[in-house]
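The values are calculated or read from the model by the stated rules, or taken from the named source; none is laboratory data. Not measured: the values here are computed from a predicted model. Don't worry about glycine lacking a Cβ; one is built from the backbone with ideal geometry, like all the others, and counts go over all protein chains shown.
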Amino acid sequence: MYRRNAFCVIRPPGHHAGPNGCVPSKGYHSRPDNCSCGFCLLNNVAIAAAYALYNYGPQRNPWLGSPSPPIIQRIAIIDFDIHHGNGTEAIIRNLIHHKERYPLPSSWHSIEYDSYRPWREENDLENVFFSSIHLYDGDDFYPGSGKGPSGESIELEELNDTIVNIPLSIIGPPSVLGREKLSAKTKKEYHVSLSFTVNFMYRVYLIYLSYLRKGLRPCIEMPSPVS
């Protein structure tokens, strides 16, 4: 069979909109404003991926009819943005049965609920890959997530080969105020010095190549240019 690959550029991705709209960050209890969906109303990229897999992907469920050769075998979502695609990650997490916690104040007793929203069938996870390349500075930078696969449920360990976060570390002054005071000349000097020490695209290529060969979840911190 002749195989082809398709590449789709989707903008805006809607990547802060989760399965229930707003997505709480780990620091939600100390900063309630970190539970939002940004300016995203619908997660366009997740909707497109789910539609494609549901209508054109492989199926093993006899209730869906006799199996037919899939038009789309696998889907990879690569999110390249200054912010972590926390909403898309939450939607990918929902392809597996797991426990989620309600975003309640830390002084309250934690309450869990079952979360599972497959796109087509229970094997969806075998054909989906998600990776986010973004700036990470803890709770000081929205959405405060993306250092590694989020979620505390033990079932989510199965996603270590499906969700790959590549957080970029800050260069320059550690404080936001300090970076805002940098002159255009200083920012340019940071960019120039960084270009000689880090071949960004090549390092990302090596990360993905290592993942594809070994099936391991890479998670490293890399310097990011000053915005």
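Things worth noting here:
- Of all residue pairs spaced 6 or more apart or on separate chains, those with beta-carbon atoms under 8 Å, a first member in the range 40-55 that is within 15 Å of Ala17 (Cα to Cα) and a second member that is surrounded by fewer than 17 Cβ atoms within 10 Å (Cβ to Cβ) are Cys40/Pro12; Asn44/Ile10; Asn44/Pro12; Val45/Ile10; Ala48/Cys8; Ala48/Ile10.
Residue-wise test of (1) assigned to a strand (DSSP E or B); (2) over 20 Å from Cys22 (Cβ atoms).
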site: His84; (1), (2): no, no
site: Lys99; (1), (2): yes, no
site: Leu104; (1), (2): no, no
site: Glu121; (1), (2): no, yes
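- Within the option set Glu158, Glu180, being over 15 Å from the mean Cα position of the chain (by Cα), acidic (Asp, Glu) and at pLDDT 70 or above holds for one residue only, Glu180.
- In the range 1-53, residue modelled with the highest pLDDT [restricted to those that are farther than 30 Å from Ile71 by Cα, more than 16 Å from the chain's Cα centre (by Cα) and among the hydroxyl-bearing types (Ser, Thr, Tyr)]: Tyr28
Residues are listed down the side, and each one gets a yes or a no for (1) assigned to a loop (DSSP other than H, G, I, E, B); (2) under 20 Å from the mean Cα position of the chain (by Cα); (3) among the polar types (S, T, N, Q); (4) closer than 16 Å to Val45 by Cα:
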position: Pro69; (1), (2), (3), (4): yes, no, no, no
position: Gln73; (1), (2), (3), (4): yes, no, yes, no
position: Ile77; (1), (2), (3), (4): no, yes, no, yes
position: Glu89; (1), (2), (3), (4): no, yes, no, yes
position: Ile92; (1), (2), (3), (4): no, yes, no, yes
position: Ile96; (1), (2), (3), (4): yes, yes, no, no
position: Trp108; (1), (2), (3), (4): yes, no, no, no
position: Pro118; (1), (2), (3), (4): yes, yes, no, yes
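- Some residue of the range 78-89 being more than 28 Å from Asp140 (Cβ to Cβ) and at pLDDT 85 or above: no
- Test result for Ser153, surrounded by 14 or more Cβ atoms within 10 Å (Cβ to Cβ), modelled with pLDDT under 70 and over 18 Å from Ala90 (Cβ atoms): no
- Hits in the range 183-206 (condition: loosely packed, with under 14 Cβ neighbours inside 10 Å and either assigned to a strand (DSSP E or B) or at pLDDT below 70 (or both)): Ser195, Phe196, Thr197, Asn199
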